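Structure record follows, encoded as structure tokens.
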Amino acid sequence: MKNVLITGGARGIGKELIEVYYANNYNVFSVVRKQEDAEELNKEFKNNFTPIVTDLTDDKCINIIKNTLSKTVNHLDLLINNAGVPGNAYKIEDVTSIEMKSLFDIHCIAIIRSTQATLDFLKKSKKPKIVNITSRLGSLSAMASGEFEDRNFSYSYRIAKASQNMLSICLKEELKSYNIDVISIHPGKVKTQSGSSDANSSAYESARKIFKWIEGDNINKKGTFTEPYERDWLW
Ligand SMILES: NC(=O)c1ccc[n+]([C@@H]2O[C@H](COP(=O)([O-])OP(=O)(O)OC[C@H]3O[C@@H](n4cnc5c(N)ncnc54)[C@H](OP(=O)(O)O)[C@@H]3O)[C@@H](O)[C@H]2O)c1
């Protein structure tokens, strides 16, 4: 049985990713922040599902994830770093260091923590993958080209996702010696609590496209920063 760990599974795209991987016979682990969300998910997904209650912005999450995995599995096939929060301030006068640090923490440092927690397990998979759910708004090329110039997007989110993209490039380079693929996926403009005002797709649809694309083993055949079946993005 294949094992997947999906972060941010309480709602939105993460919840739909749990559903689609679970329905396709994966053994699913998911990081959620609240005990009540873990209990709700446990009602819905009976066997082969394990919620891990922890906050990815706390270093303690590393051991919590490691300890939970080691109780039942010795390998992990796929880590999906999905957890994230939106930013607010889109004018430089309004930007706060608190918001900047907090978005950098969840979108970038949290992926370092989840990777540290799972690396030993990923190394034992036959075809290990790390999928980072990024955003078109983290594309330096698209932003610099003026593609979004008629829209307002937050400083913290765009900078945090661009940092995450650099982390993905660094991880891909280092982890290729272990045969671990690292891919950045823009999930589309999805109607969730974090979705932008121009959102036009559902979390249901987005998660299924992501699943199909990863399962189709498109990793490395196309770009490494992609919106499945829609577009390859430039870094
Ligand atoms: N929606 C879009 O159009 C869109 C577009 C591009 C990229 N994305 C990216 O896609 C990912 C999922 O977004 P979404 O739209 O599904 O958002 P969402 O509905 O707001 O869900 C985000 C999830 O992440 C969890 N989370 C946040 N901070 C966390 C932390 N410190 N530790 C553990 N879990 C944490 C949240 O937990 P709680 O429930 O406890 O708050 C929530 O379950 C994000 O990385 C987002 O940036 C989304």
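What aspartates and glutamates sit close enough to Lys127 to cross-link, taking a C-alpha to C-alpha distance under 15 Å and skipping anything fewer than 8 places away on the same chain? Once the sequence-local aspartates and glutamates are set aside, what remains near Lys127 is Asp77, Asp181, Glu215, Asp217.
For the range 46-120, what does the alpha-carbon gyration tensor say about shape, rounded, prolate or oblate, given a ≥ b ≥ c as the root eigenvalues, a/c under 1.5 as rounded, and a/b over b/c as prolate?
Details: a/c = 3.01, a/b = 2.57, b/c = 1.17.
Judged from the Cα gyration tensor, the range 46-120 comes out prolate (a/c at least 1.5, a/b above b/c).
Restricting attention to the range 1-95, lysine pairs at least eight places apart or on different chains and with alpha-carbon atoms under 30 angstrom apart total 25.
Principal-axis analysis of the Cα atoms of the chain puts helix 12-23 at an angle of about 30° to the longest axis.
Among DSSP beta bridges whose residues both lie in the range 97-235, state the antiparallel percentage, nearest 5.
Among the beta bridges of the range 97-235, antiparallel pairing accounts for roughly 20 percent.
For the range 56-150, the carbon plus sulfur part of the accessible surface works out to 53%, probe radius 1.4 Å.
To the nearest ten degrees, helix 61-72 and the longest principal axis of the Cα atoms of the chain are 30 degrees apart.
Applying the criteria of a DSSP loop state and at most 11 other Cβ atoms within 10 Å to the trypsin sites (Lys or Arg not before Pro) of the range 127-206 yields Arg151.
Given only helices, namely DSSP H runs of n ≥ 4 each adding -39500 (n - 2.57), what is the per-residue ellipticity at 222 nm of the chain, to the nearest 500 deg cm²/dmol? If you can, show how the numbers build up before the last one.
Numbers: 8 runs with 94 residues, N = 235.
After summing the helix terms and dividing by residue count, I get -12500 deg cm²/dmol.
Accessible surface calculations at 1.4 Å, restricted to protein heavy atoms, place the range 3-232 at 48 Å² per residue.
Ranking Gly138, Asn81, Leu175 by Cα position along the charge dipole of the chain, where only Lys, Arg, Asp and Glu carry charges on their C-beta atoms, puts Leu175 farthest toward the positive end. A straight Cα-to-Cα reach below 16 Å connects Lys101 with the lysines Lys161, residues fewer than 8 places away in its own chain not being considered.
Could you pull out the GluC sites (Glu not before Pro) across the range 104-209 that fall in loop regions by DSSP (anything but H, G, I, E, B) with no more than 11 other Cβ atoms inside 10 Å?
On the way: sites: Glu147, Glu149, Glu173, Glu174, Glu205; in loops: Glu147, Glu149.
Within the range 104-209, the qualifying GluC sites (Glu not before Pro) (loop, at most 11 other Cβ atoms within 10 Å) are Glu149.
If you count the DSSP beta bridges with both ends in the range 3-232, what percent of them are antiparallel, to the nearest 5? Kindly include the intermediate steps, with their values, before the conclusion.
Numbers: 2 of 27 bridges.
If I count the DSSP bridges inside the range 3-232, around 5 percent turn out antiparallel.
A Gaussian network model of the chain, with springs between Cα atoms under 10 Å, assigns the largest mean-square fluctuation among Thr224, Thr68, Thr96 to Thr96.
The values are calculated or read from the model by the stated rules, or taken from the named source; none is laboratory data. Here the structure is a predicted model, which means the values were calculated and not measured. Neighbour counts run over all protein chains shown; Cβ positions are idealised from the backbone, glycine included. To get the accessible areas, we keep the full protein, side chains included, count just its heavy atoms, and leave off ligands, DNA and RNA. Shrake-Rupley method; radii C 1.70, N 1.55, O 1.52, S 1.80 Å.
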